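Just below is one structure, and these are the notes that go with it.
Just so it is clear, none of the values below were taken in a lab; they were calculated from the coordinates. Nothing here was measured: the structure is a model prediction, and the numbers come from that model. We place every Cβ from the backbone using ideal geometry, glycine too, and count neighbours over all the protein chains shown.
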């Protein structure tokens, strides 16, 4: 659909979108709104757990041990403001893409040996791994890396560097393996 | 603010989500290649975006906190859950090129890989719900409770270093 951009000449001509510092500052301000309104920063992965627990309670309460789950969590799953935040995130991404165009302008596009589009299996398996990890750690890139670090939470300052470090090691080793294979 | 009813909270959560999703998409973070590019060191936008967001958020949080308008809610320091979770999370992020928020923005912006990632996430969340009662003990083994880096326990956190910077400027006018 937007492949023309990938072949659109010199790299300087690629529109990379707004400054990341501007986007970051705006996300920071948004998080301040959340701190003030909810006494809690933006968090995303908890809403996935709530949604899964609500679905499990309706569809298969016994096989999913939903009663034990609620007892262990000490509160029943709820579709709350955090759930609506995720709904909003989906719709916000949709609105921005519809009104302002898809943002495919990645500087890595015109480099050799870059990561291709993921296969559905890689996307789903990666998503599954990281969500289980996020719930083990009680937070993800938003709850820990954005909001927890901003509050100086020890747990978030342990989780965030470790998570990016592990991801970086694996992504780099995957790329060098690919590069070796590609040059043959 | 805390007296908000559920309807107001939900509407505000939705509004924050809308802006959040649009910002992620405009910042190129709804594209898995941007995130993988950060991990491989080819693209620094994730670090620039998140670094700025954390810095602005931290200043705002201190400011609000000094006025009693927000609280510290550090997630508990559970070494097992955090280290195990971070390893799984990093591996999954390298594989999918997403995290829970960016996948939602990606799915909304029409990227099929974002939809697949979200499907995997929901499946894993269900698996977590089913196994949590049995995992809880292990995840919380050796917990240190709610720890903040400045000032020890949340109750005592006044964050002197930042207060010194923020307070005089705020009291001048």
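Kindly state, to the nearest 0.05, the FRET efficiency for residue A:177 paired with residue B:144, given R0 = 35 Å and r defined as their beta-carbon distance.
For residue A:177 and residue B:144, the calculated efficiency is 0.40.
Given 0.36 nm per residue, what is the gain on full extension from residue A:119 to residue A:98 after removing their alpha carbon distance, in nm?
Result for the pair: 5.1 nm of gain on full extension.
Where a ≥ b ≥ c are the square roots of the eigenvalues of the C-alpha gyration tensor, would you call segment B:41-107 rounded, which needs a/c under 1.5, or, failing that, prolate if a/b is larger than b/c, or oblate?
oblate
Considering every residue in B:141-148, what mean count of other chain Cβ atoms within 10 Å of its Cβ is obtained?
3
Quantify how strongly other chains surround peptide A:168-178 by giving the mean number of their Cβ atoms within 10 Å of each of its Cβ atoms.
Neighbouring Cβ atoms belonging to other protein chains average 5 per residue here.
Take every residue in peptide A:77-85, count the Cβ atoms of other chains within 10 Å of its Cβ, and give the average of those counts.
Other-chain Cβ atoms within 10 Å of each residue's Cβ, averaged: 6.
Taking the highest mean first, how do the peptides B:94-105, A:76-87 order by number of other beta carbon atoms within 10 angstrom per residue?
With the highest mean Cβ count within 10 Å placed first, the list reads B:94-105, A:76-87.
Give me B:43, B:72 ranked fewest to most by other Cβ atoms within 10 Å of their Cβ, as a rough exposure proxy.
B:72, B:43
Just grab the label-to-label distance for residue B:71 and residue B:44, each label 7 Å out from Cα along the Cβ direction, in nm (one decimal).
Those two pseudo-labels are separated by 3.9 nm.
Going by average Cβ density within 10 Å per residue, which order do the peptides B:60-66, A:144-150, B:142-148 take, highest to lowest?
A:144-150, B:60-66, B:142-148
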